[in-house]
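J.: What follows is a single structure, and I will ask about it in a moment.
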Amino acid sequence: MNDLKPEISFSIGARHSIPALIGDRSVVILLHSHASRQLIEEVRSMFGARLKEILYCPDGLVTIERADQMRQHFWTHHSGRDVPTLIAIGGGSTLDLAKSMRITLAPNVSITSVLDQPSDINDFASCPLLLMPTTAGTGSEVSSTATLWDIDNGSKHSFYGTAAIADWAVVDPELCLTAPWHVTRDSGVDALAHALEAIWNLQRVPKAFAFAMSAAQQITRALPGLIDHPHDIALRAEMSQASLWAGQAMALTETALVHALSYEDTLLKGVPHGAACARWLPRVYKLARESSEELGIYLRAAMEPIVNDEWELQEWLIHLGYQPVLLTDTDPAIDAQIKAALLSRRGKNFVTPERLYAVH
């Protein structure tokens, strides 16, 4: 198994290459609970007798409790000599859940024992993992992180490291054709946030920067077109490619201030993740642009000619149906929330925060 990065297959119809990728192994499929009957039947036909079980990821945030339940079920029923390949097909929550399931832990040991610290795949018995997104946004298929939520304690946690890196990432834009507009929009803006966060990131490296610039350009141009043309496979392919680039950028840099701000909105207010990122993008864009003239030039180049500054980004998001934190809003609570987020693990990745706020 690959402990550095997934083997990526990207094309329209790429899902049909999966049997060749995984060889003769048996498989367990993890699908979202709303997977179409057509997809379920296609999966059954593709693997035949090699398909040992189909599991389902429920709606909502992936909780630690759910991750423990699903991991224990998988390893109770599928351990032994022929450990199957786990194939997850769905949005970011489904893919993140699969990452948390692919390792073994001692009986009655919770995934909490390995959260928020690097997890090396060589430290666990594990199964091969193939991830295939049905949305263009989260980048989970190529990232080294899975997000798990502790609802009772109001906290977000990360399962990360080589143990969270898939062996294969299969990106097929056809699987996004049935995504409703709100899912398409939220996942697309999440991908845009990944791209911009890689640009205004203290851990930025040239490769991540190149991925991020290409992704931001393509998302800004393609996403609004899907409002009126949701079945345009060319636009879906552009968004899938941009999401893949953004995910690769994020995997190199991690996220930063926008994501740090978004988690509170998602956990406490129930705002979908992409929408929570959209709320803060113009405000953080402004802070990043003001941090240096050079960064301002890069950010303008990332989305021009459609978006040239934070005001045009705000209008672009409003056109998509969002209500971002307005650039004209002077509520002191907004600055207080930004100051607090800058102290978080993700917030500390944001470019030169000491120039922007006196954080004590």
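The values are calculated or read from the model by the stated rules, or taken from the named source; none is laboratory data. Keep in mind that this is a model prediction, so the values were computed, not measured. Reconstructed Cβ throughout: ideal geometry from the backbone, glycine too, with neighbour counts over all protein chains shown.
Table: residues versus (1) modelled with pLDDT of 95 or more; (2) surrounded by 14 or more Cβ atoms within 10 Å (Cβ to Cβ).
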position	(1), (2)
ILE8	yes, yes
SER11	yes, yes
ALA14	yes, yes
ARG37	no, no
VAL43	no, yes
ALA49	no, no
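J.: Please work out if ALA249 is touching a strand residue (DSSP E or B) at 6+ places or on another chain (Cβ under 8 Å) and assigned to a helix (DSSP H, G or I).
T.: no
So that you can scan it fast, the table gives a plain yes or no per residue for (1) surrounded by fewer than 22 Cβ atoms within 10 Å (Cβ to Cβ); (2) at pLDDT 95 or above; (3) of a type in the set (Ser, Thr, Tyr):
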{"position": "SER243", "(1), (2), (3)": "no, yes, yes"}
{"position": "ALA246", "(1), (2), (3)": "no, yes, no"}
{"position": "MET250", "(1), (2), (3)": "no, no, no"}
{"position": "LEU257", "(1), (2), (3)": "no, yes, no"}
{"position": "SER262", "(1), (2), (3)": "no, no, yes"}
{"position": "THR266", "(1), (2), (3)": "yes, no, yes"}
{"position": "VAL271", "(1), (2), (3)": "yes, no, no"}
{"position": "ALA278", "(1), (2), (3)": "no, yes, no"}
{"position": "LEU281", "(1), (2), (3)": "no, yes, no"}
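J.: Applying the selection to the range 111-127, what residues are in a loop (DSSP other than H, G, I, E, B) and over 23 Å from the mean Cα position of the chain (by Cα)? Please lay out each step first, then the result.
T.: Of the residues in the range 111-127, the ones in a loop (DSSP other than H, G, I, E, B) are 115-117, 119-120, 124-125, 127.
PHE124, ALA125 - these are the residues of the range 111-127 that are in a loop (DSSP other than H, G, I, E, B) and over 23 Å from the mean Cα position of the chain (by Cα).
J.: Considering each of GLU264, GLU293, GLU304 in turn, give the residue that is closer than 21 Å to THR220 by Cα and either of a type in the set (Asp, Glu) or not assigned by TED's automatic domain parsing to the domain that holds GLN203 (or both).
T.: After applying the criteria, what remains is GLU304.
J.: Scan the range 263-314 residue by residue and report those that are assigned to a helix (DSSP H, G or I) and without any contact (Cβ under 8 Å) to a residue 24 or more places away in the chain.
T.: ASP265, LYS269, ALA276, ARG289, GLU293, GLU294, GLY296, ILE297, ARG300, GLU312
J.: Hey, GLU141 hits all of (1) outside the structural domain of SER243 (by TED's automatic domain parsing); (2) not in a helix (DSSP H, G or I) but one; which does it fall short on?
T.: Evaluating GLU141 over (1) outside the structural domain of SER243 (by TED's automatic domain parsing); (2) not in a helix (DSSP H, G or I) leaves (2) as the failure.
J.: Among the residues of the range 310-333, what is the count of those that are among the β-branched types (Val, Ile, Thr) and at pLDDT below 95?
T.: If we filter the range 310-333 for residues that are among the β-branched types (Val, Ile, Thr), which is where we start, we get 318, 325, 328, 330.
Okay, now just the ones that are also at pLDDT below 95, so 330.
Matching residues across the range 310-333 total 1.
J.: Same structure again: If the requirement is being in a helix (DSSP H, G or I), at pLDDT 95 or above and over 13 Å from the mean Cα position of the chain (by Cα), which of these qualifies: ALA191, ALA234, ALA195?
T.: ALA234
J.: To continue, here is another question. If you scan the range 160-178, which residues turn out to be closer than 20 Å to ILE18 by Cβ and surrounded by 21 or more Cβ atoms within 10 Å (Cβ to Cβ)?
T.: Matches in the range 160-178: ILE165, ALA166, ASP167, TRP168, ALA169, VAL170, VAL171, ASP172, PRO173, LEU175, CYS176.
J.: Checking ARG81 against (1) charged (D, E, K, R); (2) over 23 Å from MET250 (Cβ atoms); (3) touching a residue at least 12 places away in the same chain (Cβ under 8 Å): exactly one of these is not met. Which one?
T.: Here ARG81 clears every test but (3).
J.: Looking only at the range 66-117, filter to residues that are touching a helix residue (DSSP H, G or I) at 6+ places or on another chain (Cβ under 7 Å) and of a type in the set (Asp, Glu); which one of those is farthest from SER33 (Cα to Cα)?
T.: By that ranking, first place goes to ASP68.
J.: Would you pick out the residues in the range 87-120 that are closer than 30 Å to MET46 by Cβ and either without any contact (Cβ under 8 Å) to a residue 12 or more places away in the chain or in contact with an Asp or Glu (Cβ under 9 Å, 6 or more places away or on another chain) (or both)? Please lay out each step first, then the result.
T.: As a first pass, look at the range 87-120 and keep what is closer than 30 Å to MET46 by Cβ: 87-104, 111.
The answer is ALA88, GLY92, SER93, LEU95, SER100, ILE103, ILE111.
J.: Shifting gears a bit: Give just the number: which of (1) surrounded by 24 or more Cβ atoms within 10 Å (Cβ to Cβ); (2) under 14 Å from the mean Cα position of the chain (by Cα) does ILE219 not satisfy?
T.: It fails just one condition, (2).
J.: Might you check whether a residue that is of a type in the set (Ser, Thr, Tyr) and closer than 30 Å to LEU268 by Cβ occurs anywhere in the range 172-182?
T.: no
J.: Name the residue that is modelled with the lowest pLDDT, counting only residues in the range 337-360 that are hydrophobic (A, V, I, L, M, F, W, C) and over 13 Å from ARG283 (Cβ atoms).
T.: My answer is VAL359.
J.: Also, quick follow-up: Does HIS157 qualify as being in contact with a strand residue (DSSP E or B) (Cβ under 7 Å, 6 or more places away or on another chain) and surrounded by fewer than 22 Cβ atoms within 10 Å (Cβ to Cβ)?
T.: yes
J.: Right, another one. Please list, ordered by first then second residue, the pairs with beta carbon atoms under 9 Å, 6 or more apart or interchain, first in the range 13-41 and assigned by TED's automatic domain parsing to the domain that holds LEU97 and at positive phi, second part of a strand (DSSP E or B) and crowded, with 19+ Cβ neighbours inside 10 Å.
T.: Listed by first residue and then by second, the contacts come to GLY23/THR85.
J.: Next question. Out of everything in the range 39-73 that is touching a Ser or Thr at 6+ places or on another chain (Cβ under 7 Å) and assigned to a helix (DSSP H, G or I), what residue ends up being farthest from PRO107 (Cα to Cα)?
T.: The residue in question is ARG50.
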